[in-house]
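Report on one structure; see the data block that follows.
The values are calculated or read from the model by the stated rules, or taken from the named source; none is laboratory data. As the structure is a computational prediction, the values presented were derived from the model and not from experiment. Because the Cβ atoms are built from the backbone with ideal geometry, glycine has one as well, and the counts that use them run over all protein chains shown. To get the accessible areas, we keep the full protein, side chains included, count just its heavy atoms, and leave off ligands, DNA and RNA. Shrake-Rupley method; radii C 1.70, N 1.55, O 1.52, S 1.80 Å.
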Amino acid sequence: MKNIRVGVVGAKFAADIHCDSYSRNDQAEVVALADIADASELMHKWNIPDYHKDYAEMFKRDDIDLISVCVPNFLHHDVAIAAADAGKHVVVEKPLATTVEDAREMVVVCEKNGVKLMYAEDWCFSPALRRAEEIIKEGGIGKVCFIKAKEVHNGTHSPYAKDKDMCGGGSFMHLGIHPIGWLLYLLGKGENPVVEVTGKMTGGLAENFVHAENGGEDFGMGMMRFKNGEFAFVEGNYITVGGMDDKVEIYGTEGVLKVDLTFGSPISCYSGPGISYSIEKTDHNLGWTRPAVDEFLNLGYVPELKYFVDCVLGKHDVFYGVNGQAAVACVELVKAFYESNQKRKTIYGEWL
Ligand SMILES: NC(=O)c1ccc[n+]([C@@H]2O[C@H](COP(=O)([O-])OP(=O)(O)OC[C@H]3O[C@@H](n4cnc5c(N)ncnc54)[C@H](O)[C@@H]3O)[C@@H](O)[C@H]2O)c1
């Protein structure tokens, strides 16, 4: 038996990523899945012994220490609060919640129960972005002036994420929140707040570029400025075909860093018959592709969940960027970008 026993709520896409990461961790094991739907696929894949249809039943177990919240966004609040009230530490997938009020309450309830709230912004653990951070820290590109960062693909696989209320927005909430969270971690550092935001989005449904079935926007972009003067430009859209495209450009006074998180594979492949998989959300795997070597490691999930398990073991405090404070600020920021888009003006404030 391993030291940390995990229950995962939700048993589909994100849950698969969490189970993979825990399976590589010698301190943790997933002992149960909870999902209102059938969970047998992941149970077999990851050799998980128990299933609960109702997550509340899982939280009654005293042999579970940590809960991974991998359900649709609108359920994060209720599931995390129920887990915290049952004395479990919680890892919550992004976004922390669909409203600022829910997000703030989650932090308060976790604190009240003395459990750790860990926000699963995997970009904060991506090995390539960590290497870029080291180069910045050693002064390799001078002082950072401007960062462009995006997560974009051809549309969410999850029916829940297509519903504006269940998602808390559209592509900007669902994807743009990754670069926003990472920028807060890298530049905000818990001391350098974002002070202005300007957002532009498509209008949802018939006002979308491509996805008229989505209640939320299928295209979102935003400009933000930090108190110390740095500018950033972030994108989260569902109009990008050809595979999930996560890219970062960092411009300093004495250098530039460019990071390609998803197409940066060391493998180039030409396949006549096609291959079964290359990268997330590709339309085709025929001809030339750049097959990912280990997506879950390179996007940061594996080191992320290792770090969170170590937090539960008491080895670390949860750092700014993946703690409750930063997770709340991410939701506040996305909402401020939406407000900017709606009012057609820049919104000023202090988000940290
Ligand atoms: N960090 C990342 O890069 C990343 C990637 C994908 C998804 N996510 C996040 O993970 C979460 C889940 O996304 P997904 O893509 O796995 O969604 P999904 O639609 O693929 O799966 C959601 C699962 O939750 C289950 N579910 C719904 N209501 C439930 C309830 N009341 N109790 C228990 N289970 C319930 C569904 O049956 C389904 O199996 C979302 O918040 C999403 O934003 C994060």
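Worth a mention:
- ALA37 falls short on exactly one of the conditions (1) of a type in the set (Gly, Ala, Ser); (2) near the ligand (Cβ under 9 Å from one of its atoms); (3) in a helix (DSSP H, G or I), and that condition is (3).
- Taking the conditions (1) within 21 Å of ALA329 (Cα to Cα); (2) surrounded by fewer than 21 Cβ atoms within 10 Å (Cβ to Cβ); (3) of a type in the set (Gly, Ala, Ser) in turn, GLY188 satisfies each one other than (2).
- Looking only at residues of segment 40-57 that are farther than 21 Å from ASP102 by Cβ and open to solvent by less than 50 Å² (accessible area, probe 1.4 Å), we find that the one that is farthest from the ligand (Cβ to nearest atom) is ILE48.
- All positions within segment 78-93 that are open to solvent by 30 Å² or more (accessible area, probe 1.4 Å) and either within 11 Å of the ligand (Cβ to nearest atom) or among the hydrophobic types (A, V, I, L, M, F, W, C) (or both): ASP78, ALA82, ALA86
- Count of residues meeting criterion [open to solvent by 60 Å² or more (accessible area, probe 1.4 Å) and touching a Gly at 6+ places or on another chain (Cβ under 8 Å)] in segment 146-167: 4
- Sole exception among (1) within 24 Å of PHE263 (Cβ to Cβ); (2) open to solvent by 50 Å² or more (accessible area, probe 1.4 Å); (3) in a helix (DSSP H, G or I) for HIS178, by number: (2)
- Among the residues making up segment 219-249, those that are open to solvent by less than 60 Å² (accessible area, probe 1.4 Å) and assigned to a loop (DSSP other than H, G, I, E, B) are GLY229, GLU230, TYR238, THR240, GLY242, GLY243, MET244.
- Members of segment 6-24 found to be more than 8 Å from the ligand (Cβ to nearest atom) and open to solvent by 10 Å² or more (accessible area, probe 1.4 Å), listed by number: ASP20, SER23, ARG24
Residues checked against (1) touching a Phe, Trp or Tyr at 6+ places or on another chain (Cβ under 8 Å); (2) within 12 Å of the ligand (Cβ to nearest atom):
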site	(1), (2)
TRP123	yes, yes
ALA132	no, no
CYS145	yes, no
THR156	yes, yes
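- Selection within segment 58-74 - surrounded by fewer than 19 Cβ atoms within 10 Å (Cβ to Cβ) and within 11 Å of the ligand (Cβ to nearest atom): PHE74
- In segment 278-317, the residues that are away from the ligand (no atom under 16 Å from the Cβ) and either within 16 Å of the chain's Cα centre (by Cα) or open to solvent by 40 Å² or more (accessible area, probe 1.4 Å) (or both): ASP283, HIS284, LEU286, TRP288, ARG290, VAL293, LEU313, GLY314, LYS315, HIS316, ASP317
- If you go through segment 202-218 and keep only what is open to solvent by less than 30 Å² (accessible area, probe 1.4 Å) and in contact with a strand residue (DSSP E or B) (Cβ under 6 Å, 6 or more places away or on another chain), you end up with THR202, GLU217.
- When the residues of segment 105-126 are filtered to those that are among the aliphatic types (A, V, I, L, M) and part of a strand (DSSP E or B), the one that is most open to solvent (accessible area, probe 1.4 Å) is LEU117.
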